[in-house]
Each structure stands twice: as structure tokens, then as C-alpha cells.
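Remarks on the structure that follows.
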Amino acid sequence: MSLEQTINADIKAAMLAKDADALNGLRAIKAAILLAKTAEGASGELSEDDEIKLLQRLVKQRKDSLEIYEKQNRPDLAAKEKAEIAIIEKYLPAQLSPEELRIELQKIIAEVGANSPADMGKVMGVATKALAGKADGKTISGIVKELLAS
């Protein structure tokens with residue numbers, strides 16, 4: 001079952017359960033899928049990689065908004081963003097723990113032969129492709145910096 005079919009089924013279930021938070025998150029996903037499928041140059045279908053990138057982008061947008069709302073002391077809007085993040089993350093592959101991510105990045109650094117912070121670009125190129133959907137870029141970048149600095 002494709003992501004779009006899953007989302008449609010879950011929207012129906014959320015409507016029947018009268019779960020407004022879930023419905024908002026699911027409708028946001030459905031809107032993003034429709035926009036991606038009908039964008040100029042799009043083939044009309046999304047690959048699994050495209051779906052993961054789309055969901056990650058939605059989560060990142062909400063995390064950025066959440067950060068702003070928390071700085072502005074807006075707990076009402078922050079709670080709404082947290083709820084949507086939780087809904088969207090259900091459809092992403094399981095994220096690696098920091099320890100697992102560190103181990104994977106050490107392997108990648110060894111493969112690439114990086115040994116200084118100047119090699120960060122080489123490591124990030126391989127790491128973002130290898131760990132797509134399993135960790136966000138900001139976390140990967142932070143750990144890579146730390147590993148290359150030591």
C-alpha cells in the first residue's frame with residue numbers, strides 16, 4: 001500500500017474517531033503529496049525515497065515553527081506543532097539512536113578516509129545518502145563535526 005493510500009485510510013479513521021489533531025497532520029501530508037505529484041516536471045507518482053524526503057521536509061518545517069513558537073512563548077501554537085510532528089513521524093522509518101548513528105558515521109568516515117574537518121563535505125555527501133530517512137541532516141552534521149574534530 002502506498003503512502004497516499006495509507007494516509008487516505010487514516011484520514012477516514014481519524015474523521016470517524018473525531019481526532020482533530022491527527023486529522024490536521026494527515027491532511028497536511030495529503031496536501032504535500034498532491035503538490036509533489038502535480039508539480040511541474042513531476043511524473044505523477046512518488047517513489048518511496050521521494051515520500052520519505054517529503055515527510056522529512058514536513059517534520060523539519062514543523063520543528064522550525066515549534067522552535068519559533070517556544071521562543072515567542074506561544075504554548076498553544078507549540079502544542080499544535082508537536083502534535084503534527086508526532087503524527088507525521090509515524091510514517092517515517094525508525095530513526096537511529098545517537099549511539100547507532102555515531103557507529104554508522106564512524107564506518108562512513110573510515111570508508112571515505114576522512115581525517116580532518118576539511119573532509120566534512122566528502123563525509124556528509126556519503127552519509128546523507130546512506131542514512132536518508134534514518135536521521136536528520138542537522139544531527140548527522142553535528143556528530144560528523146564532533147568525530148572529525150577529535
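The values are calculated or read from the model by the stated rules, or taken from the named source; none is laboratory data. All of these numbers come straight from a predicted model, not from anything done at the bench. Don't worry about glycine lacking a Cβ; one is built from the backbone with ideal geometry, like all the others, and counts go over all protein chains shown.
Summary table
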{"read-out": "Residue that is surrounded by the fewest Cβ atoms within 10 Å (Cβ to Cβ) [pool: residues in region 32-91 that are polar (S, T, N, Q) and farther than 15 Å from residue 2 by Cβ]", "value": "73"}
{"read-out": "Answer residue from region 118-144, given it is basic (Lys, Arg) and surrounded by 14 or more Cβ atoms within 10 Å (Cβ to Cβ) and is farthest from the chain's Cα centre (by Cα) among those", "value": "122"}
{"read-out": "Meets criteria (modelled with pLDDT under 90 and of a type outside the set (Asp, Glu)) for residue 77", "value": "no"}
{"read-out": "Single residue of region 92-117 satisfying the filter (more than 30 Å from residue 26 (Cβ to Cβ) and of a type in the set (S, T, N, Q)) that is surrounded by the most Cβ atoms within 10 Å (Cβ to Cβ)", "value": "106"}
{"read-out": "Residues of region 129-148 that turn out to be in a loop (DSSP other than H, G, I, E, B) and among the basic types (Lys, Arg), as a count", "value": "1"}
